[in-house]
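The structure appears below as structure tokens.
The values are calculated or read from the model by the stated rules, or taken from the named source; none is laboratory data. These figures come from a predicted structure and were not determined experimentally. Glycine also receives a Cβ, built like all others from the backbone with ideal geometry; neighbour counts cover every protein chain displayed. Note: areas computed on protein heavy atoms with side chains; ligands, DNA, RNA excluded. Shrake-Rupley method; radii C 1.70, N 1.55, O 1.52, S 1.80 Å.
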Amino acid sequence: MKPAPSLVAPRLAPILPEHHDAVARLLHVSLVSWYQSRLGQGARFGERAEPFRIFPEVYAALDPGEGVGAWDTESGELLGVCFVHPRPTHVSIGIVATGPGAQGRGIARAMLEPALRRARAEGKPVRLVSSALNLDSFSLYTRLGFVPHTLYQDLVLNVPAAGLAGPAPVGAARVRAARADEARRLADFEQAWRGVRREKDYEFFLSNRVGAWKVWVLDDAGAPEGEPAGFLVASYDPACVMLGPGVARDEAAATALIWTALDALRGQAPVVLAPCAEAGLVRTLYGWGARNVELHVASALGAVPPARGIGFPTFLPESA
């Protein structure tokens with residue numbers, strides 16, 4: 001029988017490549033345990049931890065040295081992980097997870113504190129997306145001062161092998177694959193419409209070094225100074241088939257982008273997070289066969305800049 005973790009405060013240290021297997025195991029067991037005990041849905045996450053290596057691998061490539069692990073000082077067991085994504089306009093918190101036997105000890109809060117201190121010192125807001133079903137994590141974030149601002153529906157859609165039924169939406173013919181040199185253009189558009197800047201993220205997606213990505217762009221001749229009408233990233237890695245991040249100027253642009261991204265995922269079941277307030281878009285996705293699997297909420301510690309258009313968060317890397 002594995003010994004219980006000690007009650008001594010854990011040792012916090014950066015997550016290194018040699019820790020990725022342990023991180024994958026912790027993420028897997030944490031998700032299976034929580035979803036099975038609360039919702040009876042642990043099977044959603046499979047029986048193997050290996051697919052979860054994609055998370056520390058992507059985070060290490062995108063933001064090397066920004067992952068924090070909490071280790072038991074006596075056994076050396078990994079008790080928790082927290083990933084942080086500093087950006088010019090904000091600090092984003094990625095996955096925060098603790099093992100089933102280490103919950104209730106303040107480990108998640110201890111891992112978050114360095115990132116919160118750093119953001120305060122730099123005068124930046126902190127942003128995150130968390131499950132609205134997990135009231136433990138929701139309570140932790142709100143106690144720390146985070147304020148929810150946008151609720152999302154997690155929608156999964158089994159794309160038929162022959163593609164979605166019915167005609168393509170208006171504008172889909174203008175959606176194309178992004179060029180390798182467009183990271184700045186996409187970042188400029190997101191900053192203008194959503195108030196955040198993540199050029200580094202789009203350089204990462206377009207380089208396709210770790211994971212499997214495609215970036216879709218909707219051109220619009222009527223947009224000012226040639227800016228796009230929207231863009232949408234898609235993860236094609238079997239470990240995380242998902243749409244996002246992305247920004248669309250309006251519902252029509254969002255519909256054209258999502259249709260195109262889904263058409264390239266025939267025979268698969270991608271997830272997209274759609275803002276609950278975008279009722280027309282949600283109804284369209286329902287009409288294509290999407291169904292709800294969860295709810296997520298975007299929260300911020302600090303001021304949230306005015307946002308226009310429709311934003312799509314994601315889990316890989318987590319973004320808000």
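Using a 1.4 Å probe on the protein heavy atoms, what percent of the accessible area of the range 162-320 belongs to carbon and sulfur? Before the final figure, lay out the partial values.
On the way: 3350 of 6260 Å².
Using a 1.4 Å probe with all protein chains present, the range 162-320 comes out at 54 percent carbon and sulfur.
Here the chain is assigned +1 on the Cβ of each Lys and Arg and -1 on the Cβ of each Asp and Glu. Its dipole about the Cα centre then comes out at about 420 debye.
How would the range 1-144 be classified by its alpha-carbon gyration tensor: rounded, prolate or oblate, with rounded meaning a/c under 1.5 and the a/b versus b/c comparison settling the rest? The partial results should precede the final answer.
Values: a/c = 1.38, a/b = 1.32, b/c = 1.05.
Cα axes put the range 1-144 in the rounded bin.
Computed from Cα positions, the angle between helix 107-122 and the longest principal axis of the chain comes to roughly 60 degrees. Just need log10 I(q)/I(0) for the range 97-206 at q = 0.19, 0.22, 0.23, 0.24 Å⁻¹, Debye formula, equal scatterers on the alpha-carbon atoms, no solvent, rounded to two decimals. Scattering profile of the range 97-206, log10 relative to I(0): -1.19, -1.28, -1.31, -1.33. Normalised by residue number, the volume inside the convex hull of the Cα atoms of the chain is 131 Å³ per residue.
With N as its number of residues, the range 132-265 has a Cα radius of gyration that, divided by 2.2 N^0.38 Å, comes to 1.16.
Taking springs between alpha-carbon atoms closer than 10 angstrom, which of Val282, Val215, Val126 fluctuates most in the Gaussian network model of the chain? Judging by the Gaussian network model, the answer is Val282.
Please work out the average accessible area per residue across the chain, using the 1.4 Å probe convention, and give it in Å².
Details: 13870 Å² over 320 residues.
On a per-residue basis, the chain sits at 43 Å².
Per residue, the Cα convex hull of the range 54-111 amounts to 93 Å³. So for the range 235-293, considering every pair of alpha-carbon atoms, how many percent are separated by more than 20 Å? Within the range 235-293, distances greater than 20 Å cover 19 percent of Cα pairs.
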